[in-house]
Amino acid sequence: MELIIKPTEICNFSCTFCSSTNLVDDKKALLNHEQIFTFLKRYPETNTIIINGGDPLVLSPDYYWEIIDFLDQHQMITTLSFTTNLWDFYKKPLKWRDLFRHRRVGVSTSFNYGETRRISKSKVFTEKHFLDIVELFYDNVGYRPDFISVITDENYDTAIKNVELAKKLDVECKLNYAMASGLLGNPLQLSRIYQLYIEIISRDLYPWEFNSKELIKKINGGHNICPRNRKCDETIRCLQPEGDYYSCGAFGDDKNFPIDFNAEMKGKKQTPLQEELSIQTMKPECYSCPMFEICNGCKKTVLDHKKSNIVEDHCHLMKQLAPKILDLNEKNKYFAEPDLSLQL
């Protein structure tokens, strides 16, 4: 089991694509520790607590030390994985250094070229800002963090530059397609992000981009993880600032398909995403297509594409890309046998 927590909606950035702008009615709401601890007692096998938001660093480090103390007291294996813009760390590195050095803690950050990622509505978060943060993190914590790039129609043309930057820094980036939540009314068409993954692989940049590597491993019979796992709601849960509870962080952004927290804590496990027929597939004919899992693995994507009326556009491009994707099976025999050095 993995738990996503969004302790607060508050963020010190003003990104144009932000999906987490309608998480709560009370904008000052803060996720209660007791609810986290109740979940961990129910699911002591939890491997990772993924922490995002809002930005996690708008809270005090004490909030996270209290979680670590609970894990230590109960001798749990759970680790904390932060996704943060690291701006507060940039301003006050000593405030966060001990926490980020802790054996249970890992940190990734975010960056993309273009003007969608903003410190304020009038100030863009630039490559210089990002590099300054990365080097400061290296000096204080001992490694350079991997980063996520959210790809929208607006910054699509600069997407590959993010992977080239990751190669330069010898870290891994993850190109994620923007979903239709929060400030963004329409998603990036799914087939367009796969067009980028194919280009990344063809240019031998995939060692520095997470989803491209996963695509290769998937085509070659490798393991399958969220967001393309059809049963992700069996192994992932999300707690929002006001305590509402979901089996998907992306659906949580929309307050869609909630789970009864108290009922599940008493033993009634729920899998609402498997029960809702409207989100199982973009089109009935998808079931006979070799791209079925790629196109229909993420049920939030299925719903977004239907609502935005871009299913046919996606399908038209994906049919053009399918031979190239299937051809990876022949061109990348290196990945045919599991290579533990590439497992994340």
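The values are calculated or read from the model by the stated rules, or taken from the named source; none is laboratory data. Since this is a predicted model, take the numbers as computed values, not measurements. Using ideal geometry, Cβ is built from the backbone for each residue, glycine included, and neighbour counts are taken over all protein chains shown. Ligands, DNA and RNA are stripped out before the accessible areas are found, and what is left, the full protein with its side chains, is counted by its heavy atoms. Shrake-Rupley method; radii C 1.70, N 1.55, O 1.52, S 1.80 Å.
Values for this structure:
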{"quantity": "Carbon + sulfur, % of accessible area of segment 182-325 - ligands and nucleic acids excluded, 1.4 Å", "calculated": "52"}
{"quantity": "Length-normalised contact order of the chain in % [C-alpha pairs under 8 Å, at least 6 apart]", "calculated": "19"}
{"quantity": "Solvent-accessible area per residue, Å², over segment 6-136 with all protein chains present [probe radius 1.4 Å]", "calculated": "45"}
{"quantity": "DSSP bridge pairs, the chain: antiparallel proportion in percent, nearest 5", "calculated": "20"}
{"quantity": "Accessible carbon and sulfur surface of segment 1-158 relative to its total accessible area, %, 1.4 Å", "calculated": "47"}
{"quantity": "For segment 65-134: relative contact order, % (alpha-carbon pairs under 8 angstrom, 6 or more apart)", "calculated": "29"}
{"quantity": "Unsatisfied cross-links (Cα-Cα over 27 Å) in the set Lys269/Lys300; Lys174/Lys299; Lys167/Lys231; Lys28/Lys123", "calculated": "Lys167/Lys231"}
{"quantity": "Helix-only mean residue ellipticity at 222 nm for the chain, each DSSP H run of n ≥ 4 adding -39500 (n - 2.57), per residue, nearest 500", "calculated": "-11500 deg cm²/dmol"}
{"quantity": "Accessible area (Å², per residue) of segment 245-321, counting only protein heavy atoms and a probe of 1.4 Å", "calculated": "48"}
{"quantity": "Sparsely packed trypsin sites (Lys or Arg not before Pro) within segment 1-95, loop by DSSP, other Cβ within 10 Å at most 14", "calculated": "Lys27, Lys28"}
